[in-house]
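The values are calculated or read from the model by the stated rules, or taken from the named source; none is laboratory data. Just so it is clear, the structure is predicted and the values come from calculations on it, not from any experiment. Every residue, glycine as well, gets a Cβ built from its backbone with ideal geometry; the counts of neighbours run over all protein chains shown.
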Amino acid sequence: MVNAYRKDKLKTKAGELELLKQYVKTFPKYDEEFQKHTILPRSFVKEFITPETELVKIEKSLCITFPALYRRLLLTYRYDAADLDSYSLLPNPSGSDFNGFKQKIFYDKHLWPTLYQFKLIQFGKRGKYDNYDPICFDTRNKNTIVQFDHEEILCNRRLKVIRKLADSFEELVRKTIENASKL
């Protein structure tokens, strides 16, 4: 019984890693499209395994647990801000820990407190050129992926949903892969 459980867990991890490998392969495709409209430098992605204990520190400080697939992405890859058309990921820069990533989550001292008050964890921004609206895991609603109006938060400390991107991070990843195949 225990061996069957371990095999299932290993299959799940292997499946997650394969899905993430496909996902990060889309970064250069979207980057190529983005480069047509900007002079910003190209982004990078590299495989870089980080101990889970480093991520647990951040999760404890935030009193949350990131969705499993997103955790695996953070633990397995380091990347610049990846512009993926309809959204961009906050960077997970190189280093032996996640301090660079954590700094990006807390970057806006006016936006962060309101998001955190409503149990929203920003992991991205609106994509393409206007990229200040936060893209968040809504931890109150099974980590649904939602974009919020940053002006409403900054001016009125209220939430205004712009759009729901996906029911889960996995769904968002799959949509991103599918859309990249059309580029």
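Structure notes:
- Selection of first residues in the range 46-66 that are assigned to a helix (DSSP H, G or I) and of second residues that are among the basic types (K, R), restricted to Cβ pairs under 6 Å at least 6 apart or on distinct chains, gives the following pairs, ordered by first then second residue: I58/K102.
- Within the range 145-170, the set of residues being of a type in the set (A, V, I, L, M) and free of Cβ contacts under 8 Å to residues at least 24 places away in the same chain comprises V161, A166.
- Segments classed as helices (runs of 4 or more DSSP H), wholly inside the range 92-183, with at least 3 members that are surrounded by fewer than 20 Cβ atoms within 10 Å (Cβ to Cβ) and among the charged types (D, E, K, R): 169-180
- Residue within the range 75-90 that is in a loop (DSSP other than H, G, I, E, B), more than 22 Å from R157 (Cβ to Cβ), touching a residue at least 40 places away in the same chain (Cβ under 8 Å) and of a type in the set (S, T, N, Q) present: yes
- Given (1) out of contact with any Ser or Thr (no Cβ under 8 Å at 6 or more places or on another chain); (2) closer than 16 Å to A82 by Cβ; (3) at pLDDT below 90, number of the condition F48 does not satisfy: (1)
- Residue that is farthest from the chain's Cα centre (by Cα), among those in the range 120-144 that are under 12 Å from F66 (Cα atoms) and free of Cβ contacts under 8 Å to residues at least 60 places away in the same chain: K142
- Any hit, the range 163-171, residues being within 24 Å of K29 (Cα to Cα), of a type in the set (S, T, Y) and out of contact with any helix residue (DSSP H, G or I) (no Cβ under 6 Å at 6 or more places or on another chain): yes
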